Amino acid sequence: MSTLQAQDVAEVFGLGQARARLRAVPGGHVHRMWRLDTDRGSYAVKEMNRQDNPEWMPWLQAAWRLELAAWHARIRMPEPVPPPGGGVVAEVPVADGPPATVRVHRWVNGRSISQPIDAIVGNWAGRTLAALHSLAMPAEPRWAFPPTGTTEATRWQELVELSKDAGAEWGGDLAALAPVVEEIYDLTQIAATRWLPDVLTHADLRAKNVLVAATGPVLVDWDMAAAKVPREDLAGCALSVSGWNQDDGPVRETLRQVIAGYRAAGGALERPLDVVDAAGDLGNEVDWVAAVARRAIGQGAQGPDDMERSAKLIPGLIRALPNKLLAARSLRWLLADQF
Ligand SMILES: Nc1ncnc2c1ncn2[C@@H]1O[C@H](COP(=O)(O)OP(=O)(O)O)[C@@H](O)[C@H]1O
Ligand SMILES: [Mg+2]
């Protein structure tokens, strides 16, 4: 249990007097989120899970540069509250343990949404991506960003054996995914040899990172910013927010509105999107399925709770992967008359 205190956060970030304890905010995927209320206003306080690798801080710093540029370009997002001293994060003392690594934004009153999202919000998502891509921020330092694609595809059989040995009920279903995984792997190989130029982008414009406020949608969670080819960023976003996981396919109107919004806001798209544009994200999905499967059988899990959560999650993820590939394959005809 964290014992991060509201007043300590308020003091470190210069936010006045705390009015109440920190309140836990649900919906985070990676870190712990709190709401802080002070006499100056309300704030979203993110207690970061520190990563123990040399890429982490340069990556966060690049993400922060993008976030500030996006804020100045008036992209709809929570106002970032800079930490004292000009870095990205601040260390906030915690009475009975190591200091917490914290980032702060202004609180946005909005509702969470899930995929498939409304076509209107889809249009906003497309416009937002166009605005981000037009910043044309170089993805530097290149080594700091996570690679796209998959590292798990080529050892799928090994994972299947491990799962079966562990007695996982879904071992057979994992085995049955092999042709899907192989096709995705082949697509990532094709995508990698196109050598298209990339930019620094939010890279995670998904329903989970959108809040719909009274004044419209806002984009949260800028920490995962990464190098992406603009058309691939667009394809991944459009497929995800329109519900590529669904058994009955993505919502066509949402998908189309993402593309329409992108082009209306000046996003360049010379050729129609196709399945290869989704390869990187599909590869990441393969690795996500594998990571959750591994955690479900105890590999890399953070305790029994994590194992249990992963075991609950994995059947749905296995079921969704072929849907995602199918949706990506149908990009061309779903968007045919838009090009
Ligand atoms: N500025 C904010 N105001 C209000 N709620 C926020 C704000 N930022 C994030 N949230 C809420 O907290 C959740 C987790 O935040 P997020 O930045 O996505 O964390 P994580 O990196 O853990 O995914 C979001 O899905 C959203 O519901
Ligand atoms: Mg998030």
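Data table
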{"read-out": "Top positive-direction residue, dipole computed over region 6-110 with Cβ charges, set 64, 48, 108", "value": "108"}
{"read-out": "Positive-end extreme of charge dipole, the chain - chosen from 302, 244, 222 (charges on Cβ)", "value": "222"}
{"read-out": "Among 166, 70, 18, residue whose mean-square fluctuation peaks in a GNM of the chain (springs only between Cα atoms under 10 Å)", "value": "166"}
{"read-out": "Size of electric dipole in region 79-201: Cβ of Lys, Arg +1 and of Asp, Glu -1, about Cα centre, debye, nearest 20", "value": "680"}
{"read-out": "Protein accessible area in region 119-338, 1.4 Å probe - carbon and sulfur %", "value": "55"}
{"read-out": "Share of pairwise Cα separations in region 6-110, more than 18 Å, in percent", "value": "50"}
{"read-out": "Dipole magnitude of the chain, debye to nearest 20 (Cβ charges: Lys/Arg +1, Asp/Glu -1, about Cα centre)", "value": "1060"}
{"read-out": "Alpha carbon centroid spacing (whole Å) that separates region 23-46 from region 191-254", "value": "24"}
{"read-out": "Summed side-chain charge close to residue 22 - residues other than residue 22 whose Cβ falls under 13 Å, Lys, Arg +1, Asp, Glu -1", "value": "+3"}
{"read-out": "In Hz, Karplus ³J(HN,Hα) per residue of region 242-257 (6.51, -1.76, 1.60; θ = phi - 60°; x = Gly, Pro)", "value": "8, x, 5, 6, 5, 5, 9, x, x, 6, 4, 5, 5, 4, 5, 6"}
{"read-out": "Region 107-124 and region 153-180: distance between their alpha carbon centers, rounded to Å", "value": "35"}
{"read-out": "Theoretical ellipticity at 222 nm over the chain - DSSP helices of four or more residues, -39500 (n - 2.57) apiece, nearest 500", "value": "-13500 deg cm²/dmol"}
{"read-out": "Flagged links, alpha-carbon separation over 23 Å, of 46/324; 46/312; 164/324; 228/312; 164/208; 46/208", "value": "46/324; 46/312; 164/324; 228/312; 164/208"}
{"read-out": "Rel. contact order, % - alpha carbon contacts under 8 angstrom, at least six apart, region 1-136", "value": "23"}
{"read-out": "Gyration tensor (alpha-carbon) shape descriptor, the chain, a/c threshold 1.5", "value": "oblate"}
{"read-out": "Long-range HN-HN contacts of residue 106 with modeled amide H, under 5 Å", "value": "44, 79, 81"}
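The values are calculated or read from the model by the stated rules, or taken from the named source; none is laboratory data. Treat the numbers as computed from the prediction; the structure is a model and nothing was measured. Here the Cβ is made from the backbone with ideal geometry for all residues, glycine too, and neighbour counts use every protein chain on show. Accessible surface areas use protein heavy atoms only, side chains included; no ligands, DNA or RNA. Shrake-Rupley method; radii C 1.70, N 1.55, O 1.52, S 1.80 Å.
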